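The values are calculated or read from the model by the stated rules, or taken from the named source; none is laboratory data. The structure presented is a predicted model; accordingly, all values stated were derived computationally and were not measured. Virtual Cβ from ideal backbone geometry, glycine too; neighbours counted across all protein chains shown.
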């Protein structure tokens, strides 16, 4: 009888130990992985970032008619727009400037078209407007700061 209870005790201890070990492993395992935050394409230099974003989007506008890379161009443009707006929208020293509002107008128009009409290329009128606004923002930003 004593042997039977000792065996049951050992089995219970083993089950408890395994349950505790597994729960500890589940709790600790997420801390062993490295967390990788999204990389921003922005450097933090407002003038250079504005010029590079404007030039990058002008290239995207020129390349938007090539069907085999159209989706990639659109995705890259949307990523660039998101990075720029995320970086500078909440910065009072730049978000009230004429260059930022001009850029924001162009970026909203481009992103709006891509989000609303995902399968359609940019219309010619929109391309002209975007090129004009992006060029204007480039000129303004070099004079402002």
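Is there a residue being touching a residue at least 12 places away in the same chain (Cβ under 8 Å) and over 26 Å from residue 144 (Cβ atoms) anywhere in segment 49-58? No, segment 49-58 contains no residue that is touching a residue at least 12 places away in the same chain (Cβ under 8 Å) and over 26 Å from residue 144 (Cβ atoms). For segment 50-127, no helices (runs of 4 or more DSSP H) sit wholly inside it while including 1 or more residues that are outside the structural domain of residue 140 (by TED's automatic domain parsing), modelled with pLDDT of 90 or more and within 15 Å of residue 141 (Cα to Cα).
Residues are listed down the side, and each one gets a yes or a no for (1) without any contact (Cβ under 8 Å) to a residue 12 or more places away in the chain; (2) surrounded by 17 or more Cβ atoms within 10 Å (Cβ to Cβ):
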| site | (1), (2) |
| --- | --- |
| 74 | no, yes |
| 77 | no, yes |
| 95 | yes, no |
| 101 | yes, no |
| 129 | no, no |
| 134 | no, yes |
| 138 | no, yes |
